[in-house]
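Q: One structure is given below, represented as structure tokens, and several questions about it will come after.
The values are calculated or read from the model by the stated rules, or taken from the named source; none is laboratory data. Everything numeric in this text was worked out from a predicted model, so none of it was measured. Neighbour counts are summed over all protein chains in view; Cβ atoms, including those assigned to glycine, are modelled from backbone coordinates with ideal geometry. We work out accessible area using only protein heavy atoms, side chains counted, and drop any ligands, DNA or RNA first. Shrake-Rupley method; radii C 1.70, N 1.55, O 1.52, S 1.80 Å.
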Amino acid sequence: MKAIIYARVSSTTDRQNTERQISDLTKYAEYKGMEIVNVFEEKVSGAKKNNERPIFVEALNYCKANKIDMFLVSELSRLGRNAFEVLETVKTLVDEGINLYMQKEQFTLLDEECKPSMFAAIMIATLSTCAQLERENIKFRLNSGRQLYIEKGGKLGRKEGSTKSREEKAEKYKQVIKLLKQGISIRKTAKLCDVSASTVQRVKAEFSI
């Protein structure tokens with residue numbers, strides 16, 4: 001059975017990484033006798049739409065093109081925190097006959113006949129809605145905290161002079177820009193330049209490549 005791992009963290013800094021997700025899912029795959037044929041890592045908010053997460057889109061397309069049997073994630077929220085986006089992804093997987101395993105929920109989407117299990121739709125809808133509500137609650141608390149901070153005289157944003165100029169960014173990311181202009185994919189460029197895929201995305205957008 002061929003499988004891929006999709007691991008995602010929201011932070012684009014070094015505070016979070018995908019190492020634990022990949023390690024745990026690899027152990028699970030080995031235990032189940034699965035062959036991990038590719039690993040996709042992404043640093044991007046789960047609130048983003050599917051088409052705004054290039055590595056995620058690449059992972060789905062890879063599964064379709066290479067007849068992958070199993071799509072492994074550490075938990076449902078790795079697919080996103082927008083219920084409609086998650087359900088859209090699940091429908092795509094079902095239509096393609098690709099199974100989904102969520103480690104935290106200990107849940108597999110399809111049965112042995114590659115059909116959705118009896119309660120799959122209900123469980124997926126419930127879990128994805130809960131994930132979206134959790135995100136909205138966090139967002140509300142953060143905004144409330146920021147407002148209180150401002151009311152007490154605090155100032156938000158970068159310190160004056162801390163933002164790099166376009167020229168400085170062009171120099172810092174000149175290799176990234178070069179590879180993108182050569183048509184190299186975002187994921188491969190990130191690996192070659194040892195930066196995150198989200199950094200490559202920002203460079204590509206800012207320099208209109």
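Q: Does Gln21 qualify as being in contact with a strand residue (DSSP E or B) (Cβ under 7 Å, 6 or more places away or on another chain) and surrounded by fewer than 14 Cβ atoms within 10 Å (Cβ to Cβ)?
A: Working: in contact with a strand residue (DSSP E or B) (Cβ under 7 Å, 6 or more places away or on another chain): yes; surrounded by fewer than 14 Cβ atoms within 10 Å (Cβ to Cβ): no.
Here the answer is no, as Gln21 does not meet what is asked.
Q: Could you list all residues from the stretch 187-203 that are touching a residue at least 24 places away in the same chain (Cβ under 8 Å), under 18 Å from the mean Cα position of the chain (by Cα) and part of a helix (DSSP H, G or I)?
A: Arg187, Ala197, Ser198, Thr199, Val200, Gln201
Q: Looking for something closer than 23 Å to Ile184 by Cα and at pLDDT below 90 - is there at least one such residue anywhere in the stretch 92-100?
A: Checked against the condition, which is being closer than 23 Å to Ile184 by Cα and at pLDDT below 90, the stretch 92-100 yields no hits at all.
Q: Continuing with the same structure: Between a first residue in the stretch 165-176 that is within 11 Å of Val195 (Cα to Cα) and part of a helix (DSSP H, G or I) and a second residue that is modelled with pLDDT under 85 and open to solvent by 100 Å² or more (accessible area, probe 1.4 Å), which pairs have beta carbons less than 6 Å apart while being 6 or more apart in sequence or on different chains?
A: From residues that are within 11 Å of Val195 (Cα to Cα) and part of a helix (DSSP H, G or I), there are no pairs.
Q: Now for a separate question. Given the criterion touching a strand residue (DSSP E or B) at 6+ places or on another chain (Cβ under 8 Å), charged (D, E, K, R) and at pLDDT 90 or above, identify the matching residue among Glu30, Glu41.
A: Glu41
Residue-wise test of (1) closer than 30 Å to Ile209 by Cβ; (2) open to solvent by 100 Å² or more (accessible area, probe 1.4 Å); (3) at pLDDT 85 or above.
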{"site": "Leu148", "(1), (2), (3)": "no, no, no"}
{"site": "Glu151", "(1), (2), (3)": "no, yes, no"}
{"site": "Lys159", "(1), (2), (3)": "yes, yes, no"}
{"site": "Ser162", "(1), (2), (3)": "yes, no, no"}
{"site": "Ser165", "(1), (2), (3)": "yes, no, no"}
{"site": "Lys169", "(1), (2), (3)": "yes, no, yes"}
{"site": "Lys172", "(1), (2), (3)": "yes, yes, yes"}
{"site": "Leu179", "(1), (2), (3)": "yes, no, yes"}
{"site": "Gln182", "(1), (2), (3)": "yes, yes, yes"}
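Q: Also, quick follow-up: Can you name the residue in the stretch 29-85 that is more than 19 Å from Thr108 (Cβ to Cβ), outside any loop (DSSP other than H, G, I, E, B) and among the aliphatic types (A, V, I, L, M) and, of all such residues, is most open to solvent (accessible area, probe 1.4 Å)?
A: Filtering first and then ranking leaves Ala65.
Q: Scan the stretch 35-70 for residues that are farther than 14 Å from Ser198 by Cα and β-branched (Val, Ile, Thr) and jot them down.
A: Ile36, Val37, Val39, Ile68
Q: What pairs can you find where one residue is in the stretch 52-70 and farther than 16 Å from Val94 by Cα, the other is among the aliphatic types (A, V, I, L, M) and open to solvent by 20 Å² or more (accessible area, probe 1.4 Å), and their Cβ atoms are less than 9 Å apart, with a gap of 6+ or different chains?
A: Hits for this filter: Pro54/Ile186; Ile55/Ile186; Glu58/Ile186.
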